[in-house]
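Heads up: the structure comes next, in structure tokens.
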Amino acid sequence: MSFPNSAVSDIIATTIQSRTGTIADNVTKNTALLARLKQRKNVKTFSGGNVILQELSFAENGNGGAYSGYETLPVAASDVISAAQYDIKQYAVPVTISGLEQLQNAGKEQIIDLLESRMTVAESTMENLIASGVYSDGTGSGGKVITGLKAQVPTNPATGTVGGIDRASWTFWRSKSFDATTDGGAATTSANIQTYMNTLWASLVRGMDRPDLIIMDNTYWSYYMNSLQAIQRFSSSQEATLGFVTSKFMDADVVLDGGIGGFMDAKTMYMLNTKYIHYRPHSQRNMVPLSPGQRYSVNQDAAVQILAWAGNITASGLQFQGKMVE
């Protein structure tokens, strides 16, 4: 059946189109990691290809070294640049309106009000899908979800392949992991959490490269906050403007990214150097109406417009990322 008023299909499309920038912005603000990547300008779109390539340096230039006077300098080719490759992941949220709803909400303004409320739900749904993906291991929905932190900064970083690179064969691609019971000798408490954090931090520092964002679940956040003297509760006004309450460890922001319905595993902490993490949406599929536009049901009096996103989270330096677990 045809839709009773074809004009409503244009309203659906324009309602989504007019909000795509806001939706994309809200998604990046929904997690501390994506908010930091936006600050660092590590949100970079890609325009095509069957995978997302993330360039990286895996070795130093072997020709470098000291010399004296007229000594011959080595100029042989030096392979130092490669790329990790990530699959393109896709997410979609449909926004629907039936013919009856259109009749019951007669008038353009009333239809827009109805769509606004459904767009709000669609936005929240997409935000939560992406936020969940940020912490995923990439295996959900048959491997169709984002390659999140659980995959890129795993509890056992010496096994598995991520970004097309086998961590068992390439040590430069291994993140760091600290198990409180195995490596620290006892489960994490308020009394020992800072000692454990010091150990993990030291394993992630190379010159000026060091973690800048530490994300904690509810339990670890409580342990860390209880370990601090009141005078030591430094906060970051920059992160606060994004809606996140923060403290400090060394000069890194410590953020609770758990709360109600959080997606982090219990008793988990990530120490991240976000210089080497990237949010890569597709330039033509970053919270936009899915072509060919509104769709009509063959046997229903209804129209659907689909809000869509495609991309992934990539990394160019996993050796600078760390995870602490119980």
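What follows is calculated from the coordinates using simple rules that are stated; it is not laboratory data. Computed from a predicted model, the values in this text were never measured in an experiment. FYI the Cβ positions are ideal-geometry reconstructions off the backbone, even for glycines, and counts take in every protein chain you see.
By the rule of a C-alpha distance below 26 Å, with chain neighbours fewer than 8 residues away ignored, the lysines paired with Lys275 are Lys29, Lys38, Lys41, Lys44, Lys89, Lys144, Lys150, Lys176, Lys248, Lys267, Lys323. To the nearest Å, what is the center-to-center distance of the stretch 300-326 and the stretch 134-183, using C-alpha atoms only? Centre-to-centre distance over Cα atoms comes out at 15 Å.
At 0.36 nm per residue, minus the direct Cα-Cα distance, what do Leu228 and Asp301 gain on full extension? Give it in nm, one decimal, please.
20.2 nm
Using the Cβ of Leu129 as centre and a radius below 13 Å, the other residues enclosed give a net charge of 0, where K and R count +1 and D and E count -1.
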